[in-house]
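What follows is a single structure, written as structure tokens, with notes after it.
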Amino acid sequence: MNNYTDILFEISRSGRTAYSLPKRDVPTISLEEKFSKVHLREEAAKLPEISELQLMRHYTALSNKNFGIENGFYPLGSCTMKYNPKINEDVARYRGFTNIHPLQTTRTLQGALRLMYELQEDLKVVSGMDAISLQPAAGAQGEWAGLMIIKAYHEKNEDLKTRRKILVPDSAHGTNPASAVIAGFDVVEIPSNEDGTVDLAALKQAVGEDTAGLMLTNPNTLGIFEKDILEMADIIHGVGGLLYYDGANLNAIMGITTPGAMGFDIVHLNLHKSFSTPHGGGGPGSGPVGVKAYLEPYLPIPRIEKTGNGFELNSNYPLSIGRVKGYFGNFGVNVRAYTYIRTMGARGLRKASESAVLHANYLRKRLEPYYDSPYKQVSKHEFVLSGNRQKKLGVRTVDIAKRLLDFGYYAPTIYFPLIVEECLMIEPTETESKETLDEFADAMIQIAKEVEDTPELVTGAPHHTSVKRLDEVTAARKPIVRFE
Ligand SMILES: Cc1ncc(COP(=O)(O)O)c(C=O)c1O
């Protein structure tokens, strides 16, 4: 057995190096002489000493243990794990972008400011909003920034004291109610009807003078388009509330419709999903927040503005909710999203959404005879199935997900949205081929047959991974994060 994945300190042997420094071409100085208060360490830092080849093998072995979109199909519902074209990476690595610092004078940052300004302009078109800030670092932070804008708006109108409630459908992503609570609002859950969309009667009953706003994603997390969205917008606006759009599901509607056209006042977008920049593993992300013109004064500062001489930063917005992230947000993610939008063009973005929707419906139709399908209408970019039929035979959705690992797939999202029992949430994305969709469908069908014939094969899965089932609760409650 090789030791490639052993910890670097374990394979360290004195005298081995994986690098060599260039010949020094500046005079030597003594730190002690130069800085009177400097405290020098008495012995060398205990860093691992390894050869370049060992280092390569170590990291290659670790990366081979990882699963990413470049290893295989990754139908993780609600996460839009689509392929990130490599040209995005090339552009993000341009030295002109990697060697700048946000504290340089704006005169020396004109290229970066222009890119961010133009990205904002593009996102205005895609979202139907009038102004965008790229600052938030992820979807959840974009949500929070949007809610702080709702708060600042009601405060300006002097009715924040009464407007305490944010309405959130029961199918919402968990970050929605969490962001509302962190922003200081009370959350009111609105039930879904049997079509999987917001129950309008319940919405009408819940709204009132105390409504600050409604948070919604459309298509919703079941992959279903809220067809009553215009009526919902009227209901919310009718009582003086604002409509917040969770743009994480924009992959279904790019170039086809916009949250602006649906009546939303504020959106956040997940650049690290819809616009193909890497997603997963905890970031980095980018969750720009966009607003209709009347809310522009509340956006985070500084704003990037075009002047006669180029691009400038302007912090002179007294109603702004302030800065929400250091500097300008995650600039590298913005560069990737900009490259994606410019290489796709308007028609390409629309085609991407159309293909994402087609793929989801194709896969759903192939799987419907074998798994319960709670919602029969056309799906958008993702769909949900239920493992209820399999549960009656003693096999749970988690078992099906684990068995899929044996086929070399990442498992779909499971047990979310919470309103679907034994839920499997599948998002194939537009970047997969028909062959891949068919192979995945074949695997899912085979698993459904195994549940009937050899259920222990499924409940004992995975069989071919380097680790089997982990105790997830203990891992979360008592994580071992230190090497002893
Ligand atoms: C519908 C929805 N809303 C919000 C979020 C939160 O985005 P982020 O993970 O970037 O914070 C997600 C993330 O997947 C999502 O699917």
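The values are calculated or read from the model by the stated rules, or taken from the named source; none is laboratory data. All values derive from a computational prediction rather than experimental measurement. Cβ placement follows ideal geometry from the backbone for every residue including glycine, while neighbour counts extend to all protein chains displayed. What goes into the accessible areas is simple: the full protein's heavy atoms, side chains included, and nothing from ligands, DNA or RNA. Shrake-Rupley method; radii C 1.70, N 1.55, O 1.52, S 1.80 Å.
For the stretch 390-479, applying the loop criterion from DSSP together with a ceiling of 14 other beta carbons within 10 Å to the GluC sites (Glu not before Pro) yields E421. A cut-off under 12 angstrom between Cβ atoms defines the neighbours of E89, and their net charge, with Lys, Arg +1 and Asp, Glu -1, is +1.
By the Cα gyration tensor, the stretch 1-52 has an equivalent ellipsoid whose semi-axes, rounded to whole angstrom, run 32, 16, 7 from largest to smallest.
Taking loop as defined by DSSP and a crowding limit of 15 other beta carbons within 10 Å, which GluC sites (Glu not before Pro) in the stretch 206-276 fit?
On the way: sites: E209, E226, E231; in loops: E209, E226.
Listed in order of number, the matching sites are E209.
Taking the inverse of the mean 1/r over every pair of distinct Cα atoms in the stretch 169-247 gives a Kirkwood hydrodynamic radius of 12.6 Å.
Loop-resident trypsin sites (Lys or Arg not before Pro) (DSSP state other than H, G, I, E or B) in the stretch 341-431 with no more than 14 further Cβ atoms inside 10 Å of their Cβ: K376, K392. Each semi-axis of the equivalent ellipsoid for the stretch 186-227 is √(5λ) with λ an eigenvalue of the Cα gyration tensor; in descending order they amount to 19, 12, 8 Å.
Explain nothing, just the number: dipole magnitude of the stretch 8-65 about its Cα centre with +1 on each Lys and Arg Cβ and -1 on each Asp and Glu Cβ, in debye rounded to the nearest 20.
Details: 10 positive and 8 negative charges, 40 e Å.
Here the size comes out at about 200 debye.
Taking all protein chains together and a 1.4 Å probe, the residues S133, S14 rank S14, S133 from largest to smallest accessible area.
Note the per residue figure in Å³ for the convex hull of the C-alpha positions in the stretch 351-475. Walk me through the numbers on the way to the answer.
On the way: hull volume 14.5 nm³, N = 125.
Measuring per residue, one finds 116 Å³ for the Cα hull of the stretch 351-475.
When only alpha carbons of the stretch 88-343 are considered, Rg and Dmax amount to 18.1, 57 Å. Would you give the gap between the C-alpha center of the stretch 161-226 and the C-alpha center of the stretch 432-476, rounded to a whole Å? Here the answer is 34 Å between Cα centres.
Scaled to the globular estimate 2.2 N^0.38 Å, the Cα spread of the chain, given as radius of gyration, is 1.11. Across the options V378, T413, L393, the greatest Cα extent toward the positive end of the charge dipole of the stretch 351-475 (unit charges at beta carbon of Lys, Arg, Asp, Glu) belongs to V378.
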